[in-house]
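Asks: Take this structure first; my questions come after.
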Amino acid sequence: MREVILDTETTGLDPSQGHRIVEIGCVELVNHVPTGRTWQSYLNPEREMPTEAAMVHGLTDEFLAKQPLFSEIADAFLQFIGDEPLVAHNASFDIGFMNAELTHHGFAPLAVERVIDTLPIARKMFPGAPASLDALCKRFGVDATNRQLHGALLDARLLADVYLELRGGRQPDLAITVAAVKEMGIIEPRAREFLEPRIHAPSEEELHTHEAFLAQIKDPLWRRSA
C-alpha cells in the first residue's frame, strides 16, 4: 500500500485572499514504511511575501523570484502523488491551497475522499492535549531539533514519523511477510541448507576411560538393565 505525506508552505492563511503556495514537500510511504523517495519544490508565488509569513518559513521574495511557477511543476507533482491516499496535518489547509492552485491552472482538484487528516486523529487519541505537529513530535519522541523554521519537506518527514506512531507505532510493520519483502526488492529469500548428521562413535580410549569411571561408582546407572 502506497501513501504520500503532503505539506505546504504559503504566503498566508487563505487562498481566497490571493495567498499562494511557496513550497510543496512530499514523502512516500509503502506499507507504512518510508521508502526514501521524496518530492519537493519551491515556487514563485508571483506576489510579495508578507513579513509574518516570512518569519514562519524564512523564504524571501528574492529567493522565490528565482523559483518555478506552479504551472511548471504541476505535472511532476501530480505524477509523484498518483492516485494514492494523501496524508496531511490540518489537511483542509494544505488541500485547500493545492486545489486553489490546481483549478486556477486548469487541473482537476484533489478529491477530499483520498485525504487522511492526522489532526482529528490526534485530537481523538489525546482529547484536550495540544495537537500541533511540534506537540506530537514531543509526545512521540520524534527528533524535531532541526525545525528552527517551517519547511514543507522537513515537516512532511516529521509528519511521516508522527503518522506511523498514530497508527500504533512501527511494531506492526515488523510482521511484513517474506513475499511482500521480496516484492519490494529488499531481500531475496534463500532456501535453508540441511546437512547430513555426522556419526560420533566413541574411541577405544574414551570407552576405557568410561569403564574406569564406572568402576568407581556403586551401582552405576549405566550398568542397570532396562
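The values are calculated or read from the model by the stated rules, or taken from the named source; none is laboratory data. Please read all numbers here as calculations on a predicted model, not as lab measurements. Positions of Cβ are backbone-derived with ideal geometry, glycine not excepted, and every protein chain shown enters the neighbour counts. Calculation scope for accessible area: heavy atoms of the full protein, side chains included, ligands and nucleic acids excluded. Shrake-Rupley method; radii C 1.70, N 1.55, O 1.52, S 1.80 Å.
Asks: Check off (1) part of a strand (DSSP E or B); (2) on the phi > 0 side of the Ramachandran plot; (3) in contact (Cβ under 8 Å) with a residue 12 or more places away in the chain for residue 36 and give me the number that stays unchecked.
Replies: (3)
Asks: Within the bounds of segment 73-83, is there any residue that is of a type in the set (S, T, N, Q) and surrounded by 13 or more Cβ atoms within 10 Å (Cβ to Cβ)?
Replies: There is no residue in segment 73-83 that is of a type in the set (S, T, N, Q) and surrounded by 13 or more Cβ atoms within 10 Å (Cβ to Cβ).
Asks: Further question: Just checking, how many residues over segment 109-143 are open to solvent by 30 Å² or more (accessible area, probe 1.4 Å), outside any helix (DSSP H, G or I) and within 20 Å of residue 56 (Cβ to Cβ)?
Replies: 2
Asks: While we're on this one: Among the residues of segment 96-108, what is the count of those that are open to solvent by less than 60 Å² (accessible area, probe 1.4 Å) and either at positive phi or touching a residue at least 60 places away in the same chain (Cβ under 8 Å) (or both)?
Replies: 5
Asks: Let me ask something else. Just wondering, is there one or more residues in segment 34-47 that are open to solvent by less than 80 Å² (accessible area, probe 1.4 Å), more than 18 Å from residue 22 (Cβ to Cβ) and either touching a helix residue (DSSP H, G or I) at 6+ places or on another chain (Cβ under 7 Å) or among the small types (Gly, Ala, Ser) (or both)?
Replies: Yes: segment 34-47 contains one or more residues that are open to solvent by less than 80 Å² (accessible area, probe 1.4 Å), more than 18 Å from residue 22 (Cβ to Cβ) and either touching a helix residue (DSSP H, G or I) at 6+ places or on another chain (Cβ under 7 Å) or among the small types (Gly, Ala, Ser) (or both).
Asks: Need the failing condition index for residue 15 against (1) at negative phi; (2) more than 29 Å from the chain's Cα centre (by Cα), just the number.
Replies: Of (1) at negative phi; (2) more than 29 Å from the chain's Cα centre (by Cα), only one is false for residue 15: (2).
Asks: Here's something else I'd like to know. Restricting the first residue to segment 133-146 and requiring it to be without any contact (Cβ under 8 Å) to a residue 12 or more places away in the chain, which pairs with a second residue that is surrounded by 14 or more Cβ atoms within 10 Å (Cβ to Cβ) and part of a helix (DSSP H, G or I) meet a Cβ separation below 7 Å and a spacing of at least six or different chains?
Replies: 146/154
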